[in-house]
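The structure appears right after this line, and notes come after that.
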Amino acid sequence: MNAVLTDEHRMIQAMVREFAARALAPIAAELDQRSRFPKEAVAEAAGLGLMGMMVPEEFGGSGMDVVAYVVAQEELARASAGFQTIVTVNNSLVCDPITRWGSEEQKRRYLPGLCSGERLGCYCLTEPQAGSDAMSLRTTGELRGGEWVLSGTKSFVTNGLEADLCIVYARTEQAAGARGISAFLVEKASPGVAVGKVEKKLGIRCSSTTELVFDGCRVPQENLLGGRGEGGRIALATLDGGRIGIAAQSLGIARACLEESAAYVGQRRQFGRPIAEFQATRWAIADMATRLEASRLLVHRAARMRGEGVPCSREAAMAKLFASETAMWCAHRAVQLFGGYGYVADYPVERYFRDAKITEIYEGTSEIQRLVIARSLLSRR
Amino acid sequence: MDIVVCFKQVVDPELPAKDFSLDGSTRRQVRSGRPLVISTYDENALEVALQLKDGSGAKVTALTIGPQATLGDSVRLALAMGSDEAVIVDDPAGPDLPGAVKARMLAAAIRKIGSCDLVLVGCESADWAERVVAPLLAEEMGAACVTFATRVEPSGGGLKVRRLADDGFHVIGAGTPAVISITSDETNRPRLPKVKDIVAAKRKPVHTWAPADLGSVEATPTGEGVTVRDVAVPQRTTQCEFLAGEPSEQAAALVAKLRALKLL
């Protein structure tokens, strides 16, 4: 696999792996158990250039390509999927759309702080009744007195508790579906924005997931991201990148399952020998490794295409679908190999199992990924 | 201040034991196909140099002797961490040169670099651990030498150096030029390079010299100084014994066993 990575990619991989080993691995279990936001580690990651990896250097980012980004995300998720969630949202769902659709003024105003770690971003698309059917969102945006006024409730907002800047999608036009939606850059400290319910989650617990309630929140006109009615297109295109980030997270979780399992089965003895000597164990390890490699090829291909500006909705969906189901599959195998020890918090695989499940759900469920893939292959009916 | 940090590229000490092997014919560790990294204490030395640079604006040159073909990643890391430039003495035999020969080559390379107030090296390499390069290099350069230092800072016209000692640490003064060997402590943990510095590293100057460019480096009258007659991987066996009895009896038995093994 390294054959397709440049020297630069490999150096970034080594750096992030070392960062993850030093700053994340020792605290990952504690972060999970206490649902604690790792403020210091986020600041350190920002200092290394990991919070705005693909943002051009002139706006404070690292100016790297999408492959470097996914390589880094895999390493972060290997140590802490929750931490990687915080990072990938800031990169893929906040910095990336501002970089692609933001005005020069918006880029200068928002990107440096998001890259330096002074500010954190969140992405407000999903609503209580608009999950997979995101384009049916009901949050409204009305132009009143030269300002936009946003009202509605957003749910499952990652980083909702700690974020400073929100990208909010609201219905501003009469047109139904995607064409009626616009995107806004909203300061979370603005009057009319409140944090609602803070979710208690199965996994990725160190990243917060909240409701955000917009109640007559006034937003300056210059904070419209892209044009009026372009929000749906921006949201969907952003999700292509977001899916690649979650696919990379899935690689990290799957690799964690594989590496911990491979180490454990060599030590764990039953019936007078290490369980690694049993064929059932060897097959499980081999299958985990093979699926992981296949997933990585899909993820790196999608990343390369996105970096080259080639349409890649299908490839991103395939990568996310296959990698996330591989993460869950590997986590299932890992818990089974650990037996009773896989079911308790003394070993990390129970955390991997809980973390893996979300990859099949957020930024498009596996079912939605299949719809995206099928739609690209079949004529519309 | 002009600082030269000498580093050696070694087989990654974190290499899994199953991937470690020795070549009986050359009596050397097999390097081919193994991940190669900057030797551990040399990274600490680089960190000390970069802290001096952060504080006083020093110029840092990373210097290494070895095969250019394999050195790329390590040189680039040294530059990404913050070195201003790098010098490679392209000698395939470099990693296995005796310390005395290496010290003379380094001294010749440092003379060719030009201005140098301070040379920092790791206190020992992660493979051979001879611990001789710093004192021999100081001798070659006619420079002051401090070994097993952890912190270096400018002081007046010279340097204030904190070095490990049997009874704690000593703080001593040294004039320049000086050669200082560095060991690790909590203040010189190697920094991680930032993403943008990894990118910028490829734009920094790297000079590659052949050994012949250094002029003649004479062998010592006594030859190489060290002759390796054999190398072997130590065979380790482990056994587990459960001590029976009440906790107090187990404790007494444990103490008796540890005393018998001369571990207490």
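Residues of the stretch A:56-66 that are buried (at least 24 other Cβ atoms within 10 Å of the Cβ) and more than 11 Å from every other protein chain (Cβ to nearest Cβ): A:Val66 alone. Of everything in the stretch B:87-111, what is over 12 Å from B:Gln68 (Cα atoms), touching a residue at least 60 places away in the same chain (Cβ under 8 Å), in contact with a Leu (Cβ under 8 Å, 6 or more places away or on another chain) and aliphatic (A, V, I, L, M)? Give them in sequence order. Once the filter is applied, which keeps residues that are over 12 Å from B:Gln68 (Cα atoms), touching a residue at least 60 places away in the same chain (Cβ under 8 Å), in contact with a Leu (Cβ under 8 Å, 6 or more places away or on another chain) and aliphatic (A, V, I, L, M), the stretch B:87-111 yields B:Ala100, B:Met105, B:Leu106, B:Ala108, B:Ala109, B:Ile110.
Just checking, does the stretch A:342-354 include any residue being among the small types (Gly, Ala, Ser), over 20 Å from A:Leu202 (Cα atoms) and either at pLDDT 95 or above or over 21 Å from the mean Cα position of the chain (by Cα) (or both)? Looking for residues that are among the small types (Gly, Ala, Ser), over 20 Å from A:Leu202 (Cα atoms) and either at pLDDT 95 or above or over 21 Å from the mean Cα position of the chain (by Cα) (or both), one finds none in the stretch A:342-354, hence no. Of the residues that sit in the stretch A:254-275 and are surrounded by fewer than 18 Cβ atoms within 10 Å (Cβ to Cβ) and assigned to a helix (DSSP H, G or I), which one is nearest to the chain's Cα centre (by Cα)? Ranking the candidates gives A:Glu259 first. Going through the stretch B:88-100 one residue at a time, which ones are assigned to a helix (DSSP H, G or I) and surrounded by 23 or more Cβ atoms within 10 Å (Cβ to Cβ)? Within the stretch B:88-100, B:Pro95 is the sole residue that qualifies. Evaluate the following for A:Gly52: is it surrounded by 16 or more Cβ atoms within 10 Å (Cβ to Cβ), touching a residue at least 40 places away in the same chain (Cβ under 8 Å) and within 10 Å of chain B (Cβ to nearest Cβ)? Judged against the criteria, A:Gly52 is a match. If only residues of the stretch B:36-62 that are surrounded by 24 or more Cβ atoms within 10 Å (Cβ to Cβ), farther than 17 Å from B:Val161 by Cβ and touching a strand residue (DSSP E or B) at 6+ places or on another chain (Cβ under 7 Å) are counted, the one that is farthest from the other protein chains (Cβ to nearest Cβ) is B:Thr61. Assessment of the stretch A:21-40 against the conditions (surrounded by 18 or more Cβ atoms within 10 Å (Cβ to Cβ), touching an Asp or Glu at 6+ places or on another chain (Cβ under 9 Å) and facing chain B (nearest Cβ under 10 Å)) yields at least one matching residue. Of the residues making up the stretch B:93-112, those that are touching a Phe, Trp or Tyr at 6+ places or on another chain (Cβ under 9 Å) and under 18 Å from B:Pro177 (Cβ atoms) number 2.
Okay, residues lined up against (1) touching a helix residue (DSSP H, G or I) at 6+ places or on another chain (Cβ under 7 Å); (2) among the hydroxyl-bearing types (Ser, Thr, Tyr); (3) within 30 Å of A:Thr6 (Cα to Cα):
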| site | (1), (2), (3) |
| --- | --- |
| B:Leu36 | yes, no, yes |
| B:Tyr41 | no, yes, yes |
| B:Val48 | no, no, yes |
| B:Gly55 | no, no, no |
| B:Val87 | yes, no, yes |
| B:Gly94 | no, no, yes |
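Scanning the stretch A:228-235 finds one or more residues that are farther than 20 Å from A:Gly146 by Cβ, under 21 Å from the mean Cα position of the chain (by Cα) and aliphatic (A, V, I, L, M). Tell me which residues, restricted to the stretch A:107-148, are in a helix (DSSP H, G or I) and more than 23 Å from the chain's Cα centre (by Cα). Within the stretch A:107-148, A:Arg108, A:Arg109 qualify. Scanning the stretch A:347-371 for residues that are part of a helix (DSSP H, G or I), surrounded by fewer than 22 Cβ atoms within 10 Å (Cβ to Cβ) and of a type outside the set (Asp, Glu) turns up A:Arg354, A:Lys357, A:Ser366, A:Ile368, A:Arg370, A:Leu371. Scanning the stretch B:1-44 for residues that are part of a strand (DSSP E or B) and either in contact with a Gly (Cβ under 6 Å, 6 or more places away or on another chain) or small (Gly, Ala, Ser) (or both) returns a single hit, B:Gln9. Can you find, within the stretch A:1-20, the residue that is nearest to the other protein chains (Cβ to nearest Cβ) among those that are in a helix (DSSP H, G or I), exposed (fewer than 14 other Cβ atoms within 10 Å of the Cβ) and of a type in the set (A, V, I, L, M)? Across the stretch A:1-20, the extreme among qualifying residues is A:Ala3.
Test A:Ser155 against the criterion of being within 15 Å of A:Gly364 (Cα to Cα) and at pLDDT 95 or above, and give yes or no. When the stated conditions are applied, A:Ser155 passes them.
With respect to (1) of a type in the set (Ser, Thr, Tyr); (2) surrounded by fewer than 24 Cβ atoms within 10 Å (Cβ to Cβ); (3) within 14 Å of chain B (Cβ to nearest Cβ); (4) under 29 Å from A:Val4 (Cα atoms), the lone exception for A:Ser116 is condition (4).
For every residue, the table says whether it meets (1) closer than 22 Å to B:Asp54 by Cβ; (2) among the polar types (S, T, N, Q).
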site: B:Val121; (1), (2): yes, no
site: B:Leu137; (1), (2): no, no
site: B:Ala143; (1), (2): no, no
site: B:Gly157; (1), (2): yes, no
site: B:Thr183; (1), (2): yes, yes
site: B:Lys196; (1), (2): yes, no
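Residue under question is B:Ala200, and the condition is that it be surrounded by fewer than 20 Cβ atoms within 10 Å (Cβ to Cβ) and under 18 Å from B:Ala78 (Cβ atoms); does it hold? Taking the combined requirement at face value, the residue satisfies it. Of everything in the stretch A:216-253 that is in a helix (DSSP H, G or I) and in contact with a Pro (Cβ under 7 Å, 6 or more places away or on another chain), the residue that is farthest from A:Ala175 (Cα to Cα) is A:Thr238.
The values are calculated or read from the model by the stated rules, or taken from the named source; none is laboratory data. Predicted, not measured: the structure shown is a model, and the values here were computed from it. Don't worry about glycine lacking a Cβ; one is built from the backbone with ideal geometry, like all the others, and counts go over all protein chains shown.
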